[in-house]
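All remarks here apply to the structure that follows.
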Amino acid sequence: MVSERRKLMISTILVPLDGSPFAEQSLAAGCRIARETGATLLLVRAIYYGLMRENERAERHALADTRSYMAEQEHLLRAQGFTVRVEVLPTDPVQAILFAAEIHDADLIAMSTHGTAGLRHAVLGSVAEAILRRSRHPVLLVHADDDLTPVRLEPFHRMLLPLDGTSFAETAVSYLAEQQLGSQARITLLRSVAPTTVNPSLLLGAEALEQLFRQAEAETEHHRLEAEEYLASTGLAHLRDYSWRPRVTVGYPAEDIAATAEEEHSDLIVMATHGRHGFDRLVHGSVGRTLIHDVRVPLLLLPAPCVSATQTQARQIATLMR
């Protein structure tokens, strides 16, 4: 049985592949983390046998093609110095990923999304959204490009960590130190402060209105200074051996994260999600939609513990593999 204790190092990165070059872009991103952490790359491919039972010849050809493709990927990665394991599982992609992640105690799942509609047109169909909803493992989402621009395989160099002032969000900061990830990166801790709004009454005179706006500006500045102090103390507490800097913006989180990532040429965004169904909230929340649909920077999401593949599902898949 897999231990429930969270490991302190990334040792296994699971990458689902479907044979497409789009899915391989998540493999490239996974390689960047594996290069820095020394993690094993676990390549997973699902074959849904039930669709081919009436044509055994087609089934044999599909299985042979799949194994050949996976062997080729394994060979290419080993030639670059990576440690690689391969799993071809006789089930649907979602169950294959959840099963492999559980059995191999994966520390991270790297998946691709594609298109301006984000998860609705995930490279692996609806698989990415299903994994986000059901996995207890961190997920690295990679926005696949239509032009298939090659991804550099060196470690990530410019990381962006959005924080909202909660202790749970701060787990993204401690995660980097625990996993020894980002030691070669410039890390930006971002806090977005909403401006204090004013609802002036038509009954107020010009002088009273001016005073009202001055008070709102002063309150916004007070919150900005508090945010700067918060980021400084958070960085000092968790990132003493890292290169980092605080950044406070006055605006709204979704827009500020996207703008900062573009301005600083971030190559990885790391953030924690809230609650048992944090991924579900992320997918449907305004911040999540902006990050997943519009920001083309890889997104490393850290979930709260949630239910993974059941032991019954694991036994069913194991029976099919015999």
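The values are calculated or read from the model by the stated rules, or taken from the named source; none is laboratory data. Just so it is clear, the model here is predicted, and its values are computed rather than measured. Backbone-built Cβ (ideal geometry, glycine too); neighbour counts: all protein chains shown.
Inspect all residues belonging to region 205-213 and state whether any of them is within 22 Å of V270 (Cβ to Cβ) and among the aromatic types (F, W, Y).
Taking region 205-213 and keeping what is within 22 Å of V270 (Cβ to Cβ), we get none.
Scanning region 205-213, I find no residue that is within 22 Å of V270 (Cβ to Cβ) and among the aromatic types (F, W, Y), so the answer is no.
Considering only residues that are farther than 13 Å from V270 by Cα and not in a strand (DSSP E or B), which ones fall in region 180-200?
Q180, S183, Q184, A194, P195, T196, T197, V198, N199, P200
Cβ-Cβ distance below 7 Å, separation of 6 or more or different chains: which pairs start in region 75-100 with a residue that is at pLDDT below 95 and surrounded by fewer than 20 Cβ atoms within 10 Å (Cβ to Cβ) and end on one that is assigned to a loop (DSSP other than H, G, I, E, B) and among the aromatic types (F, W, Y)?
Close Cβ pairs satisfying both conditions: D92/Y48.
Report yes if some residue within region 154-173 is under 25 Å from S26 (Cβ atoms), in contact (Cβ under 8 Å) with a residue 12 or more places away in the chain and over 17 Å from the mean Cα position of the chain (by Cα); otherwise report no. Steps first, answer last, please.
Kept after step one, since they are under 25 Å from S26 (Cβ atoms), are these residues of region 154-173: 154-162, 169, 171-173.
From what is left, the residues that are in contact (Cβ under 8 Å) with a residue 12 or more places away in the chain are 154-162, 169, 171-173.
Checking the rest, the ones that are also over 17 Å from the mean Cα position of the chain (by Cα) come to 154.
Checked against the condition, which is being under 25 Å from S26 (Cβ atoms), in contact (Cβ under 8 Å) with a residue 12 or more places away in the chain and over 17 Å from the mean Cα position of the chain (by Cα), region 154-173 yields at least one hit.
Mind listing whichever residues of region 149-164 are modelled with pLDDT under 85 and in contact with a helix residue (DSSP H, G or I) (Cβ under 8 Å, 6 or more places away or on another chain)?
P150, V151, R152, L153, E154
For the subset of region 11-24 comprising residues that are out of contact with any Phe, Trp or Tyr (no Cβ under 6 Å at 6 or more places or on another chain) and over 18 Å from P138 (Cβ atoms), which member is modelled with the lowest pLDDT? Give the steps one after another, and end with the answer.
Step one: list which residues in region 11-24 are out of contact with any Phe, Trp or Tyr (no Cβ under 6 Å at 6 or more places or on another chain), which gives 11-18, 20-24.
Applying the additional criterion that residues be over 18 Å from P138 (Cβ atoms) yields 17-18, 20-24.
On the way: L17: 93, D18: 89, S20: 86, P21: 86, F22: 82, A23: 85, E24: 88.
Restricting to residues being out of contact with any Phe, Trp or Tyr (no Cβ under 6 Å at 6 or more places or on another chain) and over 18 Å from P138 (Cβ atoms), the top hit is F22.
Table: residues versus (1) modelled with pLDDT under 90; (2) under 14 Å from the mean Cα position of the chain (by Cα); (3) over 18 Å from R136 (Cα atoms); (4) in the same structural domain as S167 (by TED's automatic domain parsing).
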position	(1), (2), (3), (4)
A227	no, no, yes, yes
G235	no, no, yes, yes
T249	no, no, yes, yes
A254	yes, no, yes, yes
V270	no, yes, no, no
D280	yes, yes, no, no
I292	yes, yes, yes, no
S308	yes, no, no, no
A314	yes, no, no, no
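Residue under question is L27, and the condition is that it be among the hydrophobic types (A, V, I, L, M, F, W, C), at pLDDT 95 or above and under 17 Å from the mean Cα position of the chain (by Cα); does it hold?
Here the answer is no, as L27 does not meet what is asked.
Output the residues belonging to region 9-50 that are in a helix (DSSP H, G or I) and not small (G, A, S).
Step one: of region 9-50, the residues in a helix (DSSP H, G or I) are 23-37, 49-50.
E24, Q25, L27, C31, R32, I33, R35, E36, T37, Y49 - these are the residues of region 9-50 that are in a helix (DSSP H, G or I) and not small (G, A, S).
All but one of (1) surrounded by 14 or more Cβ atoms within 10 Å (Cβ to Cβ); (2) of a type in the set (S, T, Y); (3) at pLDDT below 90 hold for S167; which doesn't?
The failed condition is (1).
Of (1) surrounded by fewer than 23 Cβ atoms within 10 Å (Cβ to Cβ); (2) modelled with pLDDT under 90; (3) touching a Leu at 6+ places or on another chain (Cβ under 9 Å), T37 satisfies all except one. Which?
Single failed check for T37: (2).
Taking region 201-240 only, how many residues are basic (K, R) and either in contact with a His (Cβ under 8 Å, 6 or more places away or on another chain) or in a loop (DSSP other than H, G, I, E, B) (or both)?
In the first step, residues of region 201-240 are kept if they are basic (K, R); the result is 214, 224, 240.
Going one step further and asking which of them are either in contact with a His (Cβ under 8 Å, 6 or more places away or on another chain) or in a loop (DSSP other than H, G, I, E, B) (or both), we end up with 240.
The qualifying residues number 1.
Being over 25 Å from I292 (Cα atoms) and not polar (S, T, N, Q) narrows it down to one of A259, A232, A254, A194, so name that one. Full working, then the answer.
On the way: A259 fails: over 25 Å from I292 (Cα atoms); A254 fails: over 25 Å from I292 (Cα atoms); A194 fails: over 25 Å from I292 (Cα atoms).
From the options A259, A232, A254, A194, the qualifying one is A232.
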